Amino acid sequence: MKFFQIDIILYVILQYLLLYIGEGCDPVNKVYYCDMSAFSDGLEGFKGGKSLLPFTKLIDNFDARYHEIANDGTSFTFLTNKDAPKYKIVRVDLKEPSNWIDVIPESEKDVLESAYAVAGDKMIVSYLSDVKHVLQIRDLKTGSLLHQLPIDIGSVTGVSAQRKDSTVFIEFTSFLTPRIIYQCNLDTGVPDLKIFREISVPGFDRTEFHVDQVSICCLHFCSIK
């Protein structure tokens, strides 16, 4: 028996309704869309009626995962593992649904775990590189690298960001701290990263220690001094 999971995302601009259909726990999904600008009353016009929303199939195969990052008019930017096990970022225009372009190609060794549109024309991306997380600020349109954020060796456990905002909140944990929330301001030329909130351990001062990463025969070890 196959189990299906359906997620619906309604854009704040009320133009497109995206329908994701997933199959089981596999990292694959279909993507359909509905252009709400064609309806003068929006979803209200369908309330109480028997008409179905006119969804258009953009991705109709369970061959990869697609997660929307940004939308500009008819142009959509997705994070996907289509022909890219380590994930990449692609873009498609609904006017030419067969023409997909790579914005950030798949890395040779790092896994692209997440991407968020921020500050209008930028995105913050998280890579898993040598068992630690790396955060970058990239240009949303071209994918070019703008800045690499100076985080310690550890794990990024969450990113809270909206495209309209220039402030990003980053949740981080490591060998030396159970949890730190960084606030990153993108209004400045160089991103301003500072501690917004931190869980402190009584009797332990993490600033007295330093974590190094050492590679030995393709294995990576972290030492605390």
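The values are calculated or read from the model by the stated rules, or taken from the named source; none is laboratory data. None of the values given here were measured: they were computed from a predicted structure. Positions of Cβ are generated from backbone atoms using ideal geometry, with glycine treated the same way; all protein chains shown enter the neighbour counts. Surface areas here come from the heavy atoms of the whole protein model, side chains and all, with no ligands, DNA or RNA. Shrake-Rupley method; radii C 1.70, N 1.55, O 1.52, S 1.80 Å.
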Open item on the list: Any residue that is among the hydrophobic types (A, V, I, L, M, F, W, C), in contact (Cβ under 8 Å) with a residue 24 or more places away in the chain, open to solvent by 30 Å² or more (accessible area, probe 1.4 Å) and part of a strand (DSSP E or B) - is there at least one of those in region 76-91?
Closed with: no
Task: Selected residue (criterion: modelled with the highest pLDDT) from residues of region 196-211 that are open to solvent by less than 80 Å² (accessible area, probe 1.4 Å) and assigned to a strand (DSSP E or B) - done: GLU198
Task: Conditions (1) out of contact with any Phe, Trp or Tyr (no Cβ under 8 Å at 6 or more places or on another chain); (2) at pLDDT below 90; (3) loosely packed, with under 14 Cβ neighbours inside 10 Å: number failed by VAL214 - done: (1)
Task: Selection within region 144-154 - aliphatic (A, V, I, L, M) and in a loop (DSSP other than H, G, I, E, B) - done: LEU149, ILE151, ILE153
Open item on the list: PRO105 - would you say it is open to solvent by 50 Å² or more (accessible area, probe 1.4 Å) and under 18 Å from TYR127 (Cα atoms)?
Closed with: yes
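Yes/no matrix, rows are residues, columns are (1) open to solvent by 60 Å² or more (accessible area, probe 1.4 Å); (2) at pLDDT 90 or above; (3) assigned to a strand (DSSP E or B); (4) closer than 22 Å to TYR87 by Cβ:
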| site | (1), (2), (3), (4) |
| --- | --- |
| TYR127 | no, yes, yes, yes |
| ILE137 | no, yes, yes, yes |
| THR142 | yes, yes, no, yes |
| VAL156 | no, yes, yes, yes |
| PHE169 | yes, yes, yes, no |
| PHE175 | yes, no, no, no |
| ILE181 | no, yes, yes, no |
| THR188 | yes, no, no, no |
Open item on the list: Among the residues of region 1-26, what is the count of those that are open to solvent by less than 70 Å² (accessible area, probe 1.4 Å), at pLDDT 70 or above and part of a loop (DSSP other than H, G, I, E, B)?
Closed with: 2
Task: Tally of residues being small (Gly, Ala, Ser) and without any contact (Cβ under 8 Å) to a residue 12 or more places away in the chain across region 119-153 - done: 1
Task: Extreme residue, farthest from TRP100 (Cα to Cα), among residues of region 144-154 that are aliphatic (A, V, I, L, M) and open to solvent by 40 Å² or more (accessible area, probe 1.4 Å) - done: LEU146
